[in-house]
Each structure stands twice: as structure tokens, then as C-alpha cells.
Amino acid sequence: MQKYDVALSFAGEDREYAETLRDLLIAGGYKPFYDEDELASLWGKNLYDYLSEVYKDRARYCVMFLSKHYERKLWTNHERQMVQARAFQENREYILPVRIDDTEIPGIPPTIGYLDLRLITIEEVYEALDKKLSGTTPKTAATDRTTASVVEQNTTEYVLLVSEDGKSYFVPVQKAHWDSIEISLELLPESPEETAFLRTLRRHITDAFARDVHIALALREDAAWVKPQEIVETTSDSQIVWKVVFNKERRRQNANPLGEMTFGSLSPDEMAEMRARRILLDEKLGELPADFQNRTGPTGLFNEVTLEMFIRGGNGFQISASPIPSLYRFIGKSQGQFEKFARLTSVLYLKLSHTVEEILQFDLKLLNSEQVEVKFKGRRRKRAANEPPHIFQVNGTCQLSE
């Protein structure tokens, strides 16, 4: 019985190519054989016999990354011999060579069709492989289970990770633990881009010469500035699980000083409401309700610029507009996904701008291609011991069109 859609054969020096192709295959719903995914299976076994069985009998195709390193290694030569034996027995295309350089590999004639990584990208290799796999026999039963699990993930919750350059990654969460010091997550990345981002974070931990990296994170009704502390990639039932531990950045959690000052007759709590209305409804200064407009003080360029500065905030997370319309243009018409992602992004903005300390209610619904309905209730940080914390609501619609 064939257990794998593709077996990957490569030298350790060329692992980067194989690992990327493996990620693309898994994201596409296929099951590859990749040595590091099989550590538990390989442990204690006779590797010569086990790998012989995998490369000779257990995969539909074998992708061989041919290079000077591949030609020199003992194990890659063993894998090649098993692959060639299978190809000889079946008299059909089983070997799919990918050239990294011009090294001649015994048993691989120069006339056999191959892809060349000096001319195309590894993503284009995957596209060609995907066509070959999907155009022949159905995927293996194990692959069908993998595909089903990806569909199920779309009904689970997501975490939002925002890189230092402002790129957002919405990654499915299998388990989560959040306390006052650290955040522990089990993540199920759905795309090569998400996996590449996690690997980048891991390099900042393992490389002694790499600088510290700080990112923003939102999950459920909370958000924080965090620093990656531990990142481990594991595999369970052909599914990649990333176990990640973040430390909260206490210094960056401090309140926004500009957001806690009075301007004219506007209190910090009232300006926080104005900021929340901008985040959730995309309201600008001239579009605020009359009760806010009447308290903004004298009109004039100086006062408008100053008030705008107070509303945007000054802690490194400034609010110039709502993230919801641009997110809709990016996500498209997938209502369920858009609503989840828009809610998470709004939570990130509301919490990291110190607009609210606690979210008491937050309902967000896509009405049509033009409008999102928002019902929000939040509690501000308590400003005085003898006063209750300020609680406010934002109800309305956010326009999605420009």
C-alpha cells in the first residue's frame, strides 16, 4: 500500500529546497515523506530496510534533488538505488529529478526530463508536481484526512501575528494558554508564508548573533506586544504543529501618554471613544456625532492637528484609519473568514492603542459588500481610585467602499 504521495530524496546541504517543497505539498493537501517528519517512526528501526521500503514501495513518486552533495552521500546513493529499482520494475515515470547543479548522478541519464532550480523557483516545481499528482490517481487516504483537517481548521479560532514590518499573519490555533507573563500556542500554519514567518522568528531565537525581534499578537479579546522565547516544529498524524512560547513585553504594555491627557473639554475617556469609533466605524474628525463635535474646542488648523495627534496616540501604534475596509479588500468575499480576521485586527488596534482595557462585547457582521455592522462595549482603565472605570459603547456601520 502506498502511504505517501511523494518521497523526497536529497542531501542535507540541500535541505532548504526539500523543506520548502514539503511545506507546499502539505499546504496543498498532499502527504510527502520527509525525514524530519518521521523521527518517531525511524527511531529504533533498521534504517537501511525501512528507507528501502519507503523509496521502493510506499510512494507514488520520488522527487530527487540532484547536486554535487547528492552524488557524494552514502544514504542518498542508497535511496537512489531503491528508486531506480522501482522505476525499472514498473517501467513508468516514478523518478522526478530536480537539478541544483550539473553533477552527473549514476543511473540518471542526461536524456531524462528534469526541472532546473537555476531556471525556475521551488514554487514552480511544486506547481508542476501538483499537476502531475492531481492529474493521475486520487490522493492517498492519508492525504484525504490531511485535507479534511485543513477544512476543519477554518472553523477554529485564529491568532493574529503582526511582524515588525507590519505584515499580518492569521494562523489557526490548536491550543492556547495566556497568563500575565507569557503566551503559549500550538499553531497549525496553512500557507508557506506563515511557515516561513515562524521559521524566521525561530532563527532570531537560535542564532546568537541575531537581534531580538518584537511582534504584535491578538487572540480572542486580548492583544500584547511579545517577544518569541521558544519555537518548536513537530509533526503529529502527518500534520505540522508549531509549539510557540512568547514572552510579553512589559515595557511596551504601558499606557499611551498622549491618550491619557485632556484636550479642551475632552477627557481622556472621551478621546478614547473617538479613537474606538475611528477603529470600528472609520470615523474621521469631521464625521463624529454632534455631542463630540460640540466638545472639541475652538476650530482652527492648530487645534485640529493637535486633537488628531491625541486621537491617533503616541505609543508606536497610531490610529489613522480603520483597518476593516482595507482588510475586506484584501480578504474578499469569504464572509466567515473576513469577520474573524476583522474582529481580531480590531482587537489588536483597540488593545495596543490602549483604547480599552477590557472588551465586554464585540459583535461584527458583514451586511453586504458595502457595510459591516458593529456592536461594541468596552471598559477603560481605571483612572482614579475613587471613580469607577469608564464604560462606553460603539454601535453603527463601517463603510467598506473607498
Hey, could you get me the Stokes-Einstein D for the range 160-209, Kirkwood radius over alpha-carbon pairs, 25 °C and 0.890 mPa s, rounded to whole µm² s⁻¹?
202
Quick one: which residues, 5+ away or cross-chain, put their amide H under 5 Å from the amide H of Gln318? H built at 1.01 Å from N.
none
Which of the lysines could be linked to Lys56 by a straight reach, that is with a Cα gap under 26 Å, when you skip same-chain ones fewer than 8 residues away?
Lys3, Lys31, Lys45, Lys68, Lys73, Lys131, Lys132, Lys139
Potential extension, Leu115-Val305 segment - 0.36 nm per residue separation minus Cα distance:
62.6 nm
What the Cα atoms of the range 154-253 span along the principal axes, largest first and in whole Å, is 38, 33, 23
Can you pull the one-decimal nm distance between simple spin-label points at Asp207 and Lys73, each 7 Å off the Cα toward Cβ?
2.2
Which distance in Å, rounded to a whole number, links the C-alpha centroids of the range 181-201 and the range 8-37?
18
Checking the cross-link filter: which lysines have an alpha carbon closer than 20 Å to that of Lys340, excluding same-chain neighbours under 8 positions apart?
Lys167, Lys175, Lys351, Lys365, Lys375, Lys377
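Only the coordinates and a few stated rules stand behind these numbers; no lab work does. Small disclaimer: the values here were computed from a predicted structure and weren't measured. All Cβ positions, even for glycine, are placed from backbone atoms using ideal geometry, and neighbour counts span all protein chains on display.
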